[in-house]
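The values are calculated or read from the model by the stated rules, or taken from the named source; none is laboratory data. Because the structure is a prediction, the values reported are computed rather than measured. Virtual Cβ from ideal backbone geometry, glycine too; neighbours counted across all protein chains shown.
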Amino acid sequence: MSRAVIRRIAYACAFAGLVAAAPVQAQDTRVEIGGGAGWTLSDGVTFDGVIAGDGNVYNSIEPKDSFSYNLHLGYFVNPALEVGFLFSQQKSTLTVGGTSEREIGDMNVDNYHGFIAYHFGDEDAKARPYFLGGAGATHYGKVPFSVGNFAGETGGETQFSTTWGLGVKLYPSPKVGLNLLARWTPTYIKSDAEGWWCDPYWGCYVVGDSQYSNQFEFSGGIIIRF
């Protein structure tokens, strides 16, 4: 076999290797994991006023604003669109309010959401703004409490919720970046009867006023791409 033929075979093998490696290299940046920490502003819901043993009237219940953290795993189905799973936890305290405010006890608020995120700009851009939307569940953890000589624990509760966010990802290197995110998570809690609505065709029925507990999270963290 001549040297020219050997050289052509070597060139062909090298070219084939580059072609085969290209998809692998592209797939290396399709998976993204990240974690962040920040602060969450929370509100709760209202209810009919209750006169407590301390003489105050309480008519609202909510988690306090507090520290929170989040973890996410995503996969880019194309350079702009990412699908994944997001977990976040707020380390809060449950409070009741009215004519006075009283802390009940420590409570964790856990969020579990599947999400879709759309990224703007080129895949290799140093900064990529993005929009995020997702759906899943919010779990309000059990709360230990003490009233006088009596101590107990409230039951936890899980409710459907959605989550919506705006953020920007900064990439000082191709594999490691920073993630800045502002996210809103409304969680349905209950509906209060607001009155009757009558329609000539459907008849009369009770109209409800839905109440949501909202979390507004502001966080920053690290992301790693594979």
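Values for this structure:
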{"read-out": "Inter-residue pairs, beta-carbon under 9 Å, first on the phi > 0 side of the Ramachandran plot and in the stretch 112-134, second part of a loop (DSSP other than H, G, I, E, B), 6+ apart", "value": "Gly121/Ala80"}
{"read-out": "Tally of residues being in contact with a strand residue (DSSP E or B) (Cβ under 7 Å, 6 or more places away or on another chain) and under 29 Å from Phe47 (Cα atoms) across the stretch 63-119", "value": "31"}
{"read-out": "Filter result (loosely packed, with under 14 Cβ neighbours inside 10 Å, under 30 Å from Ala127 (Cα atoms) and in contact (Cβ under 8 Å) with a residue 40 or more places away in the chain) within the stretch 38-74", "value": "Trp39, Leu73"}
{"read-out": "Restricting the stretch 118-154 to residues that are in contact with a Leu (Cβ under 7 Å, 6 or more places away or on another chain) and in a strand (DSSP E or B), the residue that is farthest from Val77 (Cα to Cα)", "value": "Ala127"}
{"read-out": "Tally of residues being at pLDDT 95 or above and over 19 Å from the mean Cα position of the chain (by Cα) across the stretch 129-170", "value": "1"}
{"read-out": "Filtered residues of the stretch 41-77 (kept if modelled with pLDDT under 80 and either farther than 30 Å from Ser88 by Cβ or of a type in the set (Lys, Arg) (or both))", "value": "Asp48, Gly49, Val50, Ile51, Ala52, Gly53, Asp54, Gly55, Asn56, Val57"}
{"read-out": "Residues within the stretch 86-117 that are closer than 16 Å to Gly167 by Cα and touching a Leu at 6+ places or on another chain (Cβ under 6 Å), tallied", "value": "2"}
{"read-out": "Test result for Val109, among the β-branched types (Val, Ile, Thr), surrounded by 16 or more Cβ atoms within 10 Å (Cβ to Cβ) and within 13 Å of the chain's Cα centre (by Cα)", "value": "yes"}
{"read-out": "Residue under evaluation Ser173, criteria (1) over 21 Å from Val45 (Cβ atoms); (2) at pLDDT below 95; (3) assigned to a strand (DSSP E or B), criterion not met", "value": "(3)"}
